[in-house]
Amino acid sequence: INALSGRSINCNISDDSSIYNVKSESEIKARLSKSLSKRNAEIAGDNFILAYKMPDIIPFIKQLRNYYPKTRFVIMKRDALGTIKSLLSKGWFSNESTKSNSIWPFTIIRDIQIPFWVKKEDFDLWITMTELDRCAYYYIRMNEVGNLAPNVIEISYDSFVKNTEFIIDQLADTLNLKFGEKTLEILASV
């Protein structure tokens, strides 16, 4: 609601999550040129689909579906080697990162931040793991969910990288969506 009314949008062009990366300047200007009450923003929101990227929620999809039964989930599946290599290059699970609030929410035990998706019975194990082991644990945790249907669309990461526009075109058809002004520009950056 706050994003639709222009009150809560990231205008920092240096951030990956900047609105300028996904909306045209004319769309942003239109959003910022008027003031919407909360009620009018709610009404306007009925015409929008919220898209949210958060791979860490995959173990909780069945629970989320209970809360929001009409939600559609799109999951990008990537092989273990590619995922772990990417995680290592980002340093998400290094000892330094376990003290940096990079994954939120978390539990702190012995000065180590344990991500919310680590099972409670594995907290002590997480603390003693190497960075590589933490990456492998993450991969296993994000892929142990079994059959996620209904309302789950799985896309192969490798297919997406090789045939980006085709895969996204199919996804848009499946979800009954149309490309926005910046869609092709965004796809060209893949």
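Kindly provide the set of residues from the range 136-165 that are assigned to a loop (DSSP other than H, G, I, E, B) and open to solvent by 50 Å² or more (accessible area, probe 1.4 Å), ordered by number.
Taking the range 136-165 first, the residues assigned to a loop (DSSP other than H, G, I, E, B) are 143-151, 163.
Matches in the range 136-165: ASN143, GLU144, GLY146, ASN147, ALA149, PRO150, ASN151, ASN163.
Taking the criterion of being surrounded by 14 or more Cβ atoms within 10 Å (Cβ to Cβ), within 23 Å of GLU181 (Cα to Cα), out of contact with any helix residue (DSSP H, G or I) (no Cβ under 6 Å at 6 or more places or on another chain) and among the acidic types (Asp, Glu), would at least one residue in the range 17-34 satisfy it?
yes
When both residues are 6+ apart or on different chains and their Cβ atoms are under 8 Å apart, which pairs have a first residue that lies in the range 95-120 and is within 19 Å of LEU132 (Cβ to Cβ), and a second that is part of a strand (DSSP E or B) and aromatic (Phe, Trp, Tyr)?
Listed by first residue and then by second, the contacts come to GLN113/PHE106; ILE114/PHE106; PRO115/PHE106.
Taking ASP56 as the residue in question, decide whether it is farther than 30 Å from ILE19 by Cα and modelled with pLDDT of 85 or more. Explain how you work it out, then say what you get.
Working: farther than 30 Å from ILE19 by Cα: no; modelled with pLDDT of 85 or more: yes.
No: the conditions fail for ASP56.
Among the residues of the range 89-109, what is the count of those that are open to solvent by 70 Å² or more (accessible area, probe 1.4 Å) and more than 18 Å from the chain's Cα centre (by Cα)?
Number of matching residues: 5.
Among the residues of the range 44-53, is there at least one that is among the hydroxyl-bearing types (Ser, Thr, Tyr), part of a helix (DSSP H, G or I), out of contact with any strand residue (DSSP E or B) (no Cβ under 9 Å at 6 or more places or on another chain) and more than 19 Å from ASN147 (Cβ to Cβ)?
Checked the range 44-53: no residue is among the hydroxyl-bearing types (Ser, Thr, Tyr), part of a helix (DSSP H, G or I), out of contact with any strand residue (DSSP E or B) (no Cβ under 9 Å at 6 or more places or on another chain) and more than 19 Å from ASN147 (Cβ to Cβ).
Which residues, counting only those in the range 15-39, are within 19 Å of the chain's Cα centre (by Cα) and part of a loop (DSSP other than H, G, I, E, B)? Outline the logic, then answer.
The initial filter retains those residues of the range 15-39 that are within 19 Å of the chain's Cα centre (by Cα), namely 15-23.
Within the range 15-39, ASP15, ASP16, SER17, SER18, VAL22, LYS23 qualify.
I'm trying to understand the selection: among the residues of the range 166-190, which are in contact (Cβ under 8 Å) with a residue 12 or more places away in the chain and either open to solvent by less than 40 Å² (accessible area, probe 1.4 Å) or in a loop (DSSP other than H, G, I, E, B) (or both)?
Residues of the range 166-190 that are in contact (Cβ under 8 Å) with a residue 12 or more places away in the chain, as a first pass: 167-168, 171, 174-175, 177, 180-184, 186-187, 190.
Residues satisfying the conditions are ILE167, ILE168, LEU171, LEU175, LEU177, GLY180, GLU181, LYS182, THR183, LEU187, VAL190.
Looking at the range 115-129, is at least one residue among the β-branched types (Val, Ile, Thr), in contact with a helix residue (DSSP H, G or I) (Cβ under 6 Å, 6 or more places away or on another chain) and either outside any loop (DSSP other than H, G, I, E, B) or open to solvent by less than 90 Å² (accessible area, probe 1.4 Å) (or both)?
Kept after step one, since they are among the β-branched types (Val, Ile, Thr), are these residues of the range 115-129: 118, 127-128.
Now restrict to residues that are in contact with a helix residue (DSSP H, G or I) (Cβ under 6 Å, 6 or more places away or on another chain): 118.
Among the residues that remain, those that are also either outside any loop (DSSP other than H, G, I, E, B) or open to solvent by less than 90 Å² (accessible area, probe 1.4 Å) (or both) are: 118.
Scanning the range 115-129 turns up at least one residue that is among the β-branched types (Val, Ile, Thr), in contact with a helix residue (DSSP H, G or I) (Cβ under 6 Å, 6 or more places away or on another chain) and either outside any loop (DSSP other than H, G, I, E, B) or open to solvent by less than 90 Å² (accessible area, probe 1.4 Å) (or both).
The values are calculated or read from the model by the stated rules, or taken from the named source; none is laboratory data. All values reported here derive from a predicted model rather than from experimental measurement. A quick note on method: Cβ atoms are made from the backbone with ideal geometry, for glycine too, and the neighbour counts reach across all protein chains shown. SASA here: full protein model, heavy atoms, side chains in, ligands and nucleic acids out. Shrake-Rupley method; radii C 1.70, N 1.55, O 1.52, S 1.80 Å.
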